[in-house]
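The structure appears right after this line, and notes come after that.
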Amino acid sequence: MSASTPDQAATRGLYADPVAFAAALQRLAPALDQPATARGAFFVRPDHFALAEESATDNRYMASGGVDRERALREHAALVEAIGRVIPTQVFPGLPEAPDAVFPNNVFATVPGKLMIGAMRHAVRQREAVRDDLPDWFRTQHGYAVESLIAPGVVAELTGALVPDRAAGIGWFGLTERLNRAGVEAMHRVFGFRISLMFDLAPGEYHTNVVMSVLAGRAVVLHAGSFADPRVPEIIAARYAPNVVWLSDEEKANFAGNCIALAPDTVFMSARADAALSASNRQILRNAGFTVRSVDLTEIEQAGGSLRCCVAEIF
């Protein structure tokens with residue numbers, strides 16, 4: 001699959017030029033009545049949890065050395081329990097051939113009636129994408145269609161590389177080794193976004209959802225220095241003003257950007273992120289109508305992702 005020219009892409013609502021995108025965003029009609037938060041969530045248990053060297057080649061957030069699998073399992077169980085108090089949950093077993101397969105939102109995503117399967121960059125993560133039990137559960141239990149984005153020339157790590165605004169039908173796509181332009185085009189289509197912007201993340205960043213999160217369609221958390229073009233975070237912030245949480249370097253490094261709203265009034269983040277969040281940023285979230293709930297994920301975070309990465313949403 002080859003990427004379209006910018007002009008061709010823009011005619012379908014997909015933009016690479018931030019100035020043209022900002023102008024188009026101003027003309028965008030009010031959003032349809034779409035849910036801003038998920039109706040359920042699914043998880044992959046860290047049954048065989050270990051750090052994969054291949055994943056570490058482009059993920060600077062990963063630790064080195066060994067991990068405590070039993071602690072990771074306890075953390076994960078506590079996470080599922082906490083989120084299960086808010087929305088229904090489903091847990092799938094881990095795969096022995098994919099030891100760091102604890103971040104299913106990179107591999108699987110949904111829109112109403114459909115499960116999408118991402119095109120992963122690394123072979124160790126590609127093994128997750130060919131499991132049968134998870135797609136079969138969606139087919140049999142929910143009647144969902146299944147669409148794979150795996151194709152020659154496509155790299156598309158779903159809601160790791162993409163931060164969606166479900167309520168407004170907007171896609172925010174950060175280009176890195178984990179997402180190329182062909183992947184953006186494929187995701188823009190299958191998610192059915194009305195308008196999307198693709199942009200380069202700063203060198204060293206691997207996933208957009210580590211540096212940015214849209215919360216229930218009415219607030220945004222982002223780290224300005226993680227975008228290659230400084231115009232991009234300003235355009236994003238303008239969309240959600242005044243509910244804008246600008247993360248410090250310390251907050252971003254502690255995964256405060258890797259948060260998620262799973263109810264209209266609740267934001268989940270890891271205990272590490274919660275501890276790093278400044279009082280002023282916490283007040284911005286409070287002003288936007290959110291309370292923060294956190295779960296200790298110290299062991300799981302050694303794999304280079306945090307709470308939002310563990311949560312695959314069901315729409």
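At a glance:
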quantity	calculated
Near pairs, Cβ below 9 angstrom, 6+ apart or cross-chain, from the range 267-283 (in a strand (DSSP E or B)) to any residue that is surrounded by fewer than 15 Cβ atoms within 10 Å (Cβ to Cβ)	VAL267/THR291; SER270/THR298
The lone exception for LYS252 - which of (1) assigned to a loop (DSSP other than H, G, I, E, B); (2) surrounded by 22 or more Cβ atoms within 10 Å (Cβ to Cβ) it fails	(1)
Flag if ARG293 is in a helix (DSSP H, G or I) and either among the polar types (S, T, N, Q) or in contact (Cβ under 8 Å) with a residue 24 or more places away in the chain (or both)	no
Count - residues of the range 218-232 that are part of a loop (DSSP other than H, G, I, E, B) and either over 16 Å from the mean Cα position of the chain (by Cα) or among the polar types (S, T, N, Q) (or both)	4
Some residue of the range 77-97 being of a type in the set (D, E, K, R), touching a strand residue (DSSP E or B) at 6+ places or on another chain (Cβ under 8 Å) and in contact (Cβ under 8 Å) with a residue 12 or more places away in the chain	no
Any hit, the range 120-137, residues being without any contact (Cβ under 8 Å) to a residue 60 or more places away in the chain, within 25 Å of THR208 (Cβ to Cβ), assigned to a loop (DSSP other than H, G, I, E, B) and of a type in the set (A, V, I, L, M)	yes
Residue in the range 171-188 that is among the aliphatic types (A, V, I, L, M), over 23 Å from GLY304 (Cβ atoms) and assigned to a strand (DSSP E or B) present	no
Options GLU97, GLU147: the member that is closer than 18 Å to ALA303 by Cβ, of a type in the set (Asp, Glu) and surrounded by fewer than 22 Cβ atoms within 10 Å (Cβ to Cβ)	GLU97
Scope the range 57-92; condition at pLDDT below 95 and of a type in the set (Phe, Trp, Tyr); matching residues	TYR61
Residue under evaluation ILE235, criteria (1) touching a Cys at 6+ places or on another chain (Cβ under 7 Å); (2) part of a helix (DSSP H, G or I); (3) among the β-branched types (Val, Ile, Thr), criterion not met	(1)
Cβ-Cβ under 7 Å pairs, at least 6 apart or on other chains, the range 242-258 side on the phi > 0 side of the Ramachandran plot and free of Cβ contacts under 8 Å to residues at least 40 places away in the same chain, far side of a type in the set (D, E, K, R) and part of a loop (DSSP other than H, G, I, E, B)	none
Residue match in the range 285-303 (condition: crowded, with 23+ Cβ neighbours inside 10 Å and modelled with pLDDT under 95)	yes
Residues that are of a type in the set (Val, Ile, Thr) and farther than 19 Å from VAL154 by Cβ, drawn from the range 181-234	ILE195, VAL210, VAL211, VAL214, VAL220, VAL221, VAL232
Scan of the range 212-229 for residues that are hydrophobic (A, V, I, L, M, F, W, C), crowded, with 22+ Cβ neighbours inside 10 Å and over 18 Å from GLY183 (Cβ atoms), ordered by number	VAL214, LEU215, ALA216, ALA219, VAL220, VAL221, LEU222, PHE227
Filter pass, LEU277 being farther than 30 Å from LEU115 by Cα and either buried (at least 21 other Cβ atoms within 10 Å of the Cβ) or among the β-branched types (Val, Ile, Thr) (or both)	yes
Criterion (at pLDDT below 95, touching a Phe, Trp or Tyr at 6+ places or on another chain (Cβ under 8 Å) and either under 30 Å from LEU28 (Cα atoms) or crowded, with 19+ Cβ neighbours inside 10 Å (or both)) met by exactly one of ARG121, ARG166, ARG178	ARG178
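The values are calculated or read from the model by the stated rules, or taken from the named source; none is laboratory data. If you're wondering where the values come from, they're calculated on a predicted model, not measured in any experiment. Because the Cβ atoms are built from the backbone with ideal geometry, glycine has one as well, and the counts that use them run over all protein chains shown.
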